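Have a look at the structure below, then the notes.
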Amino acid sequence: MKKFTPSLHRNGASRAGMTIVELLCAMSMSVIALGAAFVTLITVQRSLNASLYQVDAQGDQNRVFAYLRRDLRGASAVQIDAQGTQLTLTIPAQSTPTFNLNLGLSLLSILTPPQNASNNITIQYYRQGASIIREVNGATTELSSSATLFNVSLSGSLVQINAGFQPHYTLLAQGQSAAASTWTAYVHLLNATPNEE
């Protein structure tokens, strides 16, 4: 006698693949996952660009103030023009010190080079568009490319420098720009004669 064993599988056609509903569900879940990954990638890329720009802008700001501090401390004459937007410095040219064996001179005069008025260096600082320019005897160098403000004021021997820097990235998709950062530095003139116009 033959035993009847029920088959666990129906017919061969139903085992062959997925239904259209299952396929659509799988595709929609894949699209949602890829969309979320794409949005995350764009957000991370914007954040990275903003961070890189911030590092560059901070380097520009540090460079502007480092040059200004160094030049102001070594200046023999300071002139502020155009209502504080242009700074002109006169710096004595450095020559190589020679050891003078005349023992009648003081030690300080032996080690310091003689100052010659005809070898002075003229340095100008000003803002041109979004750049802060340092001009040495006619040769220009761009110190920053994101400047929104450059103003110098003088009170006795104290020079106050105000500079603003605008970030290039935006905060939101609507294009709202981030607020500019304003920096202020104070430098005491060591041996300069101020001349403010």
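The values are calculated or read from the model by the stated rules, or taken from the named source; none is laboratory data. This one's a predicted model, so the numbers in the text were calculated from it and none came from an experiment. Note: ideal-geometry Cβ built from the backbone for every residue, glycine included; neighbour counts use all protein chains shown. Keep in mind that these areas ignore ligands, DNA and RNA; they rest on the heavy atoms of the full protein, side chains included. Shrake-Rupley method; radii C 1.70, N 1.55, O 1.52, S 1.80 Å.
Annotations
- Output for region 116-147, where each listed residue is modelled with pLDDT of 90 or more, among the polar types (S, T, N, Q) and open to solvent by 80 Å² or more (accessible area, probe 1.4 Å): Gln128, Thr140
- Note on region 48-72: among residues that are hydrophobic (A, V, I, L, M, F, W, C) and loosely packed, with under 15 Cβ neighbours inside 10 Å, the one that is farthest from Asn162 (Cα to Cα) is Leu48.
- Condition met for Asn102 (outside any strand (DSSP E or B), modelled with pLDDT under 90, at negative phi and surrounded by 12 or more Cβ atoms within 10 Å (Cβ to Cβ)): no
- Residues that are among the hydrophobic types (A, V, I, L, M, F, W, C) and open to solvent by less than 100 Å² (accessible area, probe 1.4 Å) within region 14-30 comprise Ala16, Val21, Leu23, Cys25, Ala26, listed in sequence order.
- Filter pass, Leu108 being in a helix (DSSP H, G or I), modelled with pLDDT under 90 and over 26 Å from the mean Cα position of the chain (by Cα): yes
- Given (1) at pLDDT below 65; (2) open to solvent by 90 Å² or more (accessible area, probe 1.4 Å); (3) touching a strand residue (DSSP E or B) at 6+ places or on another chain (Cβ under 9 Å), number of the condition Pro113 does not satisfy: (2)
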